[in-house]
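These notes concern the structure reproduced below.
Here, each number is a calculation from the coordinates, and none is a lab measurement. If you're wondering where the values come from, they're calculated on a predicted model, not measured in any experiment. Using ideal geometry, Cβ is built from the backbone for each residue, glycine included, and neighbour counts are taken over all protein chains shown.
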Amino acid sequence: MRARRSPEPYLWLLFSGGGVVAALVLPVLVLLFGVLMPLGIVDWPAADHLRGLLDHALVRVALVVVVVLCLFHAAHRIRHTSEELLGIARFDLPVALLCYGAAIAGGVVAVRLLG
Amino acid sequence: MEVARYRPGQDAEPVFQGYDVPLMADWAVLDGLNHIKDQLDGSLSYRWSCRMGVCGSCGMTVNGEARLTCGTFLSEYGDGPVRIEPLKGFPVIRDLVVDIDDFLAKLSSVRPWLIREGEELPLTAEHAQTPAQLEAYKQYSMCINCLLCYSACPVYVLDPDFLGPAAIALAQRYNLDSRDMGDRFDVLGADEAVWGCTFVGECTRVCPKHVDPAEAIQRYKVTAALRSVLPWSKR
């Protein structure tokens, strides 16, 4: 016997993957670019240096993966939190389309910017 | 103590009734209720049995929180009043007694027993387990079906179809048992089962037996997700 086909396992994998990536990567980036560099503890990287990094296709792919997973993490969380807190679970389909649609749109923007 | 009363045919909705109960250092909330029942008002109805946190009968809402009344001392609440209500999320039958048929049906749906396949071994046969194999499921076997986790779960209160914390934890108790050969994916992998959970974690916080139903559910989400995505993978 198999459970009814549901997109939830796939969405949850994107959500949990996003959670892992966000927990591993974002605090480091925020610490570097949001705290240490503005305080002058760490020097700002030169524009050429950053551009050189981004020239590598693997770096760009990794950045897209990080951004897309984080967006899906946020979308999943916003969908469930809003449905429970606002009592709008009966509008699950439009809420889900809106949340994941926004995540996909953000992913497309990320690909366009880095492509 | 302020105790919620609901007498079908008499009360249109639950009303609170106040009782003066002596504050004894060694009295649990359940002792207070027994004092009311024995000395003040014999018509008060509530469930209890063992008085030692094993039977799981005396779960109630104490000052807004799901608690075992035998394990909650009156002295925790100072001079009172202590407000006693039936467990939230369940239909009230009378006073502090709730209808748990919904949970019992859900519990049996996950087949909470050792499922064996193939040749039936004689009753004298032993199924030895290593300490590690025992440890894998032991925590979940501590569940006493007291239903505090259901009462504390906001998902269950919003959606009564949700399979719920204890039933999933008990399913995992058998899934993770090396002697079990069953497959509960058809029940646990449904939208109203593990996917209904949004990991609020209240179930684990209120559990008087230190079972971690939230962990059981998240772990099965990994199992179910991998099985859904990779149809050839088992467990």
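Structure data summary
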{"item": "10 Å Cβ neighbours from other chains, averaged over peptide B:220-227", "result": "4"}
{"item": "Rounded, prolate or oblate (a/c below 1.5 giving rounded, otherwise prolate when a/b exceeds b/c) for chain B by Cα gyration tensor", "result": "prolate"}
{"item": "Cα-only Debye scattering, the stretch A:53-98: base-10 log of I(q)/I(0) at q = 0.23, 0.25, 0.31, 0.34 Å⁻¹", "result": "-0.74, -0.81, -1.01, -1.09"}
{"item": "Crossing angle, helix B:131-141 versus chain B [Cα axis fit, 0-90 degrees, rounded to tens]", "result": "40 degrees"}
{"item": "The stretch B:136-190: trypsin sites (Lys or Arg not before Pro) in DSSP loop, at most 16 other beta carbons within 10 Å", "result": "B:ARG179"}
{"item": "Of B:ASP79, B:ASP183, B:ASP191, the one that fluctuates the most in a GNM where chain B has Cα springs shorter than 10 Å", "result": "B:ASP79"}
{"item": "Ranked packing of B:65-74, B:49-58, A:82-91, most packed first, by mean Cβ within 10 Å", "result": "B:65-74, B:49-58, A:82-91"}
{"item": "Rg/Rh for the stretch A:15-115, where both radii come from Cα atoms and Rh is the Kirkwood radius", "result": "1.09"}
{"item": "Separation of alpha-carbon centers, the stretch A:48-71 and the stretch B:190-204, rounded to whole Å", "result": "35 Å"}
{"item": "Test item: A:7-16 mean partner chain Cβ contacts at 10 Å", "result": "5"}
{"item": "Long-range Cα-Cα pairs in the stretch B:101-229 (distance over 27 Å), rounded percent", "result": "18 percent"}
{"item": "Inter-part distance where the stretch B:35-112 and the stretch B:1-29 are each reduced to a Cα centre, Å", "result": "12 Å"}
{"item": "Within 10 Å of each Cβ in B:189-198, the average number of Cβ atoms from other chains", "result": "4"}
{"item": "Peptides B:120-131, B:85-96 ordered by average Cβ neighbours within 10 Å, highest first", "result": "B:85-96, B:120-131"}
{"item": "Nearest 10 degrees, 0 to 90: helix B:213-229 Cα axis against chain B principal axis", "result": "30 degrees"}
{"item": "Cα gyration tensor, the stretch B:3-137 - rounded (a/c under 1.5), prolate or oblate", "result": "prolate"}
{"item": "Cysteines without a disulfide-compatible partner [chain B; Cβ-Cβ under 4.7 Å]", "result": "B:CYS58, B:CYS70, B:CYS143, B:CYS146, B:CYS153, B:CYS197, B:CYS207"}
{"item": "Reach of B:LYS106 by Cα under 26 Å, taken over lysines that are not fewer than 8 positions away in the same chain", "result": "B:LYS88, B:LYS138, B:LYS209, B:LYS221, B:LYS234"}
{"item": "Debye-sum result for the protein assembly as shown in log10 I(q)/I(0), which assumes one identical scatterer on each alpha carbon, at q = 0.08, 0.11, 0.15 Å⁻¹", "result": "-0.56, -0.90, -1.23"}
{"item": "Difference of contour (0.36 nm per residue) and Cα-Cα distance, A:MET37 to A:VAL20", "result": "3.6 nm"}
{"item": "Helical segments meeting 27 Å axial Cα length and Kyte-Doolittle 0.0 threshold in chain A (DSSP H)", "result": "A:8-29, A:57-85, A:92-114"}
{"item": "Virtual spin-label span in nm between B:GLN10 and A:HIS56, 7 Å along Cα→Cβ", "result": "7.8 nm"}
